[in-house]
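Engineer: After the structure tokens below, expect a handful of questions from me.
The values are calculated or read from the model by the stated rules, or taken from the named source; none is laboratory data. A quick note: this is a predicted structure, and the numbers were derived from the prediction, not measured. Because the Cβ atoms are built from the backbone with ideal geometry, glycine has one as well, and the counts that use them run over all protein chains shown. The area values use the complete protein model at the heavy-atom level, side chains included, leaving out ligands, DNA and RNA. Shrake-Rupley method; radii C 1.70, N 1.55, O 1.52, S 1.80 Å.
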Amino acid sequence: MNEVRCDNATAGRPGIGCVIPLAASNLVYTRTATPELADHVTKAQASGLPSRLTRTEDPSVIDSNRTKACGSAPSVPDKSCDEYPIATSQQGLNAGGTRRTQPGCGFAGVPTGTGPVGASVCMIATADNNSQGGTNTQFFRRDRVLQGDPFNVVVQ
């Protein structure tokens, strides 16, 4: 087992850096910056979905996670579909399980549920969802989280 990885493989981050891949970094969402996103992630984790995720950089897995979770999302003004676990994780719907939702998420006909597999979907403020994309990208670059690396999703 390689305890330390040194590389220059992080897109958008020039130069060599080293990490301890098994020491998972925290991807943090804040209630002040993205309240609807934070609320959805909190409810999804409380339903049993994992806070420790594993990164995927495979575009086909990412697209499959998004499509299976949000492909039939309702049209709601100023809202967009959020999925948890995040699409850039190996724990999304591409890995199996079923789609579920949380109270107040705007997905009629999608059941609530519990357990460690599947994905939660919720219509959240488009601004929160757009901010999440930037937060995720900055986190993966800053902490050198690559394909197969673990990370924790934390709400503060």
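Engineer: Considering only the stretch 74-88, I want to know if a residue exists there that is in contact with a Phe, Trp or Tyr (Cβ under 9 Å, 6 or more places away or on another chain) and more than 19 Å from MET123 (Cα to Cα).
Structural biologist: Here is the first cut: in the stretch 74-88, the ones in contact with a Phe, Trp or Tyr (Cβ under 9 Å, 6 or more places away or on another chain) are 74, 81, 88.
Now narrow it down to the ones that are more than 19 Å from MET123 (Cα to Cα): none.
For the stretch 74-88, residues in contact with a Phe, Trp or Tyr (Cβ under 9 Å, 6 or more places away or on another chain) and more than 19 Å from MET123 (Cα to Cα): absent.
Engineer: Name the single residue, out of those in the stretch 24-53 being in a strand (DSSP E or B) and either among the aliphatic types (A, V, I, L, M) or on the phi > 0 side of the Ramachandran plot (or both), that is most open to solvent (accessible area, probe 1.4 Å). Step through it out loud before you land on a result.
Structural biologist: Filtering the stretch 24-53 for residues in a strand (DSSP E or B) gives 25-29, 52-53.
Those left that are additionally either among the aliphatic types (A, V, I, L, M) or on the phi > 0 side of the Ramachandran plot (or both): 27-28, 53.
Details: LEU27: 1, VAL28: 51, LEU53: 0 Å².
This residue is VAL28.
Engineer: Taking the stretch 137-153 as the region of interest, how many residues are of a type in the set (Phe, Trp, Tyr) and outside any helix (DSSP H, G or I)? Don't jump to the end; show me each part of the working.
Structural biologist: Going through the stretch 137-153, the residues of a type in the set (Phe, Trp, Tyr) turn out to be 139-140, 151.
So of that shortlist, the ones also outside any helix (DSSP H, G or I) come out as 151.
The number of residues fulfilling the criteria is 1.
Engineer: In the set ASN130, ASN65, ASN94, which member is in a helix (DSSP H, G or I) and within 20 Å of THR34 (Cα to Cα)?
Structural biologist: Details: ASN65 fails: within 20 Å of THR34 (Cα to Cα); ASN94 fails: within 20 Å of THR34 (Cα to Cα).
Every option except ASN130 fails the conditions.
Engineer: Is the stretch 65-77 home to any residue that is modelled with pLDDT of 95 or more, over 19 Å from ASN152 (Cβ atoms), surrounded by 18 or more Cβ atoms within 10 Å (Cβ to Cβ) and among the charged types (D, E, K, R)?
Structural biologist: Within the stretch 65-77, one or more residues are modelled with pLDDT of 95 or more, over 19 Å from ASN152 (Cβ atoms), surrounded by 18 or more Cβ atoms within 10 Å (Cβ to Cβ) and among the charged types (D, E, K, R).
Engineer: Which condition number does ALA9 fail, the rest of (1) within 18 Å of the chain's Cα centre (by Cα); (2) exposed (fewer than 14 other Cβ atoms within 10 Å of the Cβ); (3) at pLDDT below 95 being met?
Structural biologist: Tallying (1) within 18 Å of the chain's Cα centre (by Cα); (2) exposed (fewer than 14 other Cβ atoms within 10 Å of the Cβ); (3) at pLDDT below 95, ALA9 fails exactly one: (1).
Engineer: Right, another one. Scan THR112, THR101, THR88 and give me the residue that is surrounded by fewer than 18 Cβ atoms within 10 Å (Cβ to Cβ) and among the β-branched types (Val, Ile, Thr). Walk me through it before giving the result.
Structural biologist: Details: THR101 fails: surrounded by fewer than 18 Cβ atoms within 10 Å (Cβ to Cβ); THR88 fails: surrounded by fewer than 18 Cβ atoms within 10 Å (Cβ to Cβ).
The unique qualifying residue is THR112.
Engineer: Considering only residues that are among the polar types (S, T, N, Q) and under 12 Å from TYR84 (Cβ atoms), look in the stretch 115-135 and name the one that is surrounded by the most Cβ atoms within 10 Å (Cβ to Cβ).
Structural biologist: Residues of the stretch 115-135 among the polar types (S, T, N, Q): 120, 126, 129-132, 135.
Retained after the next criterion (residues that are under 12 Å from TYR84 (Cβ atoms)): 120, 129, 132.
Numbers: SER120: 27, ASN129: 20, GLN132: 22.
Within the stretch 115-135, the match that is surrounded by the most Cβ atoms within 10 Å (Cβ to Cβ) is SER120.
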